[in-house]
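The values are calculated or read from the model by the stated rules, or taken from the named source; none is laboratory data. A quick note: this is a predicted structure, and the numbers were derived from the prediction, not measured. As a convention, Cβ positions derive from the backbone with ideal geometry for all residues, glycine included, and neighbour counts pool all protein chains shown.
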Amino acid sequence: MDKEQLRSQQWFGKKGKDGFIYRAWMKNQGIPAHELQGKPVIGICNTWSELTPCNAHFRELAESVKHGVYEAGGFPVEFPVMSLGETLIKPTAMLYRNLVSMDVEESIRANPIDGVVLLCGCDKTTPALVMGACSVNIPTIVVSGGPMLTGKYRGHDISTSDVWRFSEAHRAGKMTDEELFTAEACMLRSRGHCAVMGTASTMACMVESLGLTLPENAAIPAADSRRKVLAHLSGSRIVDMVRENLRLSDILTREAFENAITVNAAIGGSTNFVIHLLAIAARIGVPLTMDDFNNVKSTPLLANLQPSGKYFMEDFYYAGGLPALMKELDKVLHRDSITVSGKAISENYIKSECFNREMIATMDEPFNPVAGIMVVKGNLSENGAVVKPSAATPALMTHTGRAVVFENIEDYKAKIDNPNLDVDESCVLVLKNVGPKGYPGMPEVGNMSIPKKLLDKGVTDMVRISDGRMSGTGFGTVVLHVSPEAAVGGTLAIVQNGDIIKLDVAAGLLHVELSDVEISERKSRLKVHENLSSRGYVWLYQTHVEQAHLGADMDFLKGASGSEVLRDSH
Ligand code: FES
């Protein structure tokens, strides 16, 4: 790409009053004139925030990116966008994923940026930034923040999945308040995002398998100096991507999405992968449906990572990381898919080695033949729902049981530990109105706690069904993302205590044993959902959010508007 063709030159290359203004106000930052005279301008889209602890090291990471940009002859400009800290934001970070994507999209388009580096870490920051960038479609590279070091507690390795184990142990009286308090600091002991194959790690693997990062992005720990090296090299590479005009749409092909789905099965990635990948595909214009996720039944689980296995992201990196795992998948991947390197994805992994076969298994001897995310459909989820078999109890994957229904999250909290709750371990727990529109924002509450009286009996898993999501660090026989959700009149809304529900994951079935007539009759008596916000972003979200099987994006955000700015301002 010639200097004159750079987007940034529509600002900095202008003559007269406009050019004066565009350049002069940049120069107040001490920027020499030559930086604005035809160097590729690289935006560094930063989700740094002290309210997003997983991304709190991003200002430092951005400095490494800048070194790389300068080295390759570009000019870096760092800009902030809204950040989403999974643990602090209420009611749920997912409510704001689409808002951040709008922030990213408009920030890129509106500014003199030729290429962009997306600094992503905590769960939603990755899909939000990629979605926004897709709707502009300029050269883009992703740098993830990296996972935390493995937690250490009383001689044991721990990480986020232990939150659920510890809290259940505490509820069962097997862990004291003091022990729980001590475990807090032992678990989160370094910079970075959650150290298991939760949603953040899943997203980091997703962007690497889509071809949006340099190799090894997914697993280098945040505290490892090689994370900074990766950021530096990514800064250099984006400058060349601008010169080559290598854009997101060149990389994000149908084959790239299929690669990501295959890899997600082999790593035991989060169920949240489905909803985010669908939304990204819709932004870039690649047809992708829920059924595409069922097409990887032949891919086994290769990564022995929590919550499906034993190890942590740090171990994954030392064992060879995602390139070593992708090498095992060589025969089932689209080897020629182009990545940000401009070369085929197979070049990213073909020379890699595995240093720990207990951590990264082979296709011939997988860690678990059961992998991936299965889609179940039926009269209870016409558009589909998802289950993660590797995190479920095999004996419950085919199960018929009596429904114990919670009408909403408040109802669930009020009843779940009530000793008089009419429930036994064969029952199916049903939670309504935690979907995109109904909650709003589809929180991670789908892996409901086991009722205390059953927990006391030693019950550790039950079939649980909802229109919400589950934390990527969660586990259990949990059916999630039921679509249509209860709040828009899906069949889930009319399920009552005592109804018989049948789940058959292998057959892809989720069914409530009611006749069509009974379902219609109950639906005709259904009250309209009345939890709509009256103003602001939440109103916009609830008015326009689509159902989970479409990615829960807002209808007016699908697709792209490109990088053209329609009007000049001066
Ligand atoms: Fe940020 Fe887990 S809370 S990645």
- Does region 464-484 include one or more residues that are of a type in the set (Gly, Ala, Ser), surrounded by 23 or more Cβ atoms within 10 Å (Cβ to Cβ), closer than 24 Å to Glu425 by Cβ and within 16 Å of the ligand (Cβ to nearest atom)? yes
- Task: Consider Leu88 carefully, then state whether it is in a loop (DSSP other than H, G, I, E, B), within 15 Å of the ligand (Cβ to nearest atom), touching a residue at least 40 places away in the same chain (Cβ under 8 Å) and more than 26 Å from Glu564 (Cα to Cα).
- Result: no
- Task: Filter region 272-321 for residues that are part of a loop (DSSP other than H, G, I, E, B), farther than 20 Å from Asn383 by Cβ and in contact with a helix residue (DSSP H, G or I) (Cβ under 6 Å, 6 or more places away or on another chain) and give the result.
- Result: Thr299, Leu302, Gln306, Pro307, Ser308
- Within region 155-167, is there a residue that is within 23 Å of Leu278 (Cα to Cα) and within 16 Å of the ligand (Cβ to nearest atom)? no
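What do you reckon, is Tyr317 crowded, with 17+ Cβ neighbours inside 10 Å, among the hydroxyl-bearing types (Ser, Thr, Tyr), at pLDDT 95 or above and out of contact with any Leu (no Cβ under 9 Å at 6 or more places or on another chain)? Talk me through it step by step, then tell me what you get.
Values: crowded, with 17+ Cβ neighbours inside 10 Å: yes; among the hydroxyl-bearing types (Ser, Thr, Tyr): yes; at pLDDT 95 or above: yes; out of contact with any Leu (no Cβ under 9 Å at 6 or more places or on another chain): yes.
Yes.
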- Verdict on Asn137 being within 13 Å of the chain's Cα centre (by Cα) and either at pLDDT 95 or above or part of a helix (DSSP H, G or I) (or both): no
- Message: Quick check on region 94-101. Is at least one of its residues closer than 21 Å to Ile251 by Cα, in a helix (DSSP H, G or I) and within 18 Å of the chain's Cα centre (by Cα)?
- Response: yes
- Looking only at region 109-131, and only at residues there that are in contact with a helix residue (DSSP H, G or I) (Cβ under 9 Å, 6 or more places away or on another chain) and surrounded by fewer than 24 Cβ atoms within 10 Å (Cβ to Cβ), the one that is farthest from Ile238 (Cα to Cα): Asn111
- Message: Among the residues of region 60-78, are any under 16 Å from Met203 (Cβ atoms) and not in a helix (DSSP H, G or I)?
- Response: no
- Could you list, in sequence order, all residues of region 82-116 that are touching a Ser or Thr at 6+ places or on another chain (Cβ under 6 Å) and of a type in the set (A, V, I, L, M, F, W, C)? Leu84, Val116
- Note on the structure: Taking region 511-562 and keeping only residues that are within 27 Å of Val495 (Cβ to Cβ), out of contact with any strand residue (DSSP E or B) (no Cβ under 8 Å at 6 or more places or on another chain) and of a type in the set (Gly, Ala, Ser), one is left with Ser515, Ser520, Ser524, Ser533, Gly551
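For region 132-146, indicate whether the set of residues that are of a type in the set (S, T, N, Q), over 20 Å from Val65 (Cβ atoms), within 16 Å of the ligand (Cβ to nearest atom) and in contact with a helix residue (DSSP H, G or I) (Cβ under 9 Å, 6 or more places away or on another chain) is non-empty. Outline the logic, then answer.
Quick first cut of region 132-146, residues of a type in the set (S, T, N, Q) only: 135, 137, 140, 144.
From what is left, the residues that are over 20 Å from Val65 (Cβ atoms) are 135, 137.
Remaining after also requiring within 16 Å of the ligand (Cβ to nearest atom): none.
No, region 132-146 contains no residue that is of a type in the set (S, T, N, Q), over 20 Å from Val65 (Cβ atoms), within 16 Å of the ligand (Cβ to nearest atom) and in contact with a helix residue (DSSP H, G or I) (Cβ under 9 Å, 6 or more places away or on another chain).
In the list Gly198, Gly235, which residue meets the criterion of being surrounded by 24 or more Cβ atoms within 10 Å (Cβ to Cβ), away from the ligand (no atom under 13 Å from the Cβ) and within 28 Å of Ile284 (Cα to Cα)?
Within the list Gly198, Gly235, the selection yields Gly235.
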